[in-house]
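One structure is given here, and the rest of the page talks about it.
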């Protein structure tokens, strides 16, 4: 069951990243997609407190990543000798850092599909955090 969950979640992460790339590519190449992205950006900025949501997501994912790392250190001290656990923890840190860097570095002015890509990167980081917690719970 653990292997099935791991491969399904990894495949889901890869699909999300492909979708994010596809949205950005189509928003740069196709005028209809460009207009739709611009429309959605304006709508989301008017309807939602985007800045507050952005910072709450960053704080939440950083706290979740730190909690998973601390759980690995405190409860499962031997996880650093397990190569798979170490690689999952390392990828969690890298994915969370990529989300935080992207979210803080770009905006809708510099990256047209910023909201979609930021949302997708957040989902990928959340899936990775869940994957770490499930892996450490079962070992």
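The values are calculated or read from the model by the stated rules, or taken from the named source; none is laboratory data. Given the structure is predicted, the values throughout are model-derived calculations rather than measurements. Using ideal geometry, Cβ is built from the backbone for each residue, glycine included, and neighbour counts are taken over all protein chains shown.
Overview of values
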{"read-out": "Close pairs from region 64-90: first closer than 18 Å to residue 10 by Cβ, partner modelled with pLDDT under 80 and part of a loop (DSSP other than H, G, I, E, B), Cβ under 8 Å, at least 6 apart", "value": "82/139; 85/76; 85/139"}
{"read-out": "Where a residue in region 29-46 is modelled with pLDDT of 90 or more and its partner, wherever it lies, is loosely packed, with under 15 Cβ neighbours inside 10 Å, with Cβ under 7 Å and at least six apart", "value": "none"}
{"read-out": "Unique residue being within 17 Å of residue 132 (Cα to Cα), exposed (fewer than 11 other Cβ atoms within 10 Å of the Cβ) and either under 15 Å from the mean Cα position of the chain (by Cα) or modelled with pLDDT of 85 or more (or both) when the list is 87, 105, 91, 78", "value": "87"}
{"read-out": "Scope region 109-133; condition part of a helix (DSSP H, G or I) and either free of Cβ contacts under 8 Å to residues at least 40 places away in the same chain or closer than 15 Å to residue 69 by Cβ (or both); matching residues", "value": "119, 125, 128, 129, 130, 131, 132, 133"}
{"read-out": "Count of residues meeting criterion [under 28 Å from residue 109 (Cβ atoms) and not in a helix (DSSP H, G or I)] in region 1-46", "value": "1"}
{"read-out": "Filtered residues of region 91-108 (kept if farther than 30 Å from residue 38 by Cβ and without any contact (Cβ under 8 Å) to a residue 24 or more places away in the chain)", "value": "94"}
{"read-out": "Out of 99, 60, sole residue that is closer than 23 Å to residue 20 by Cα and either crowded, with 19+ Cβ neighbours inside 10 Å or at pLDDT below 90 (or both)", "value": "99"}
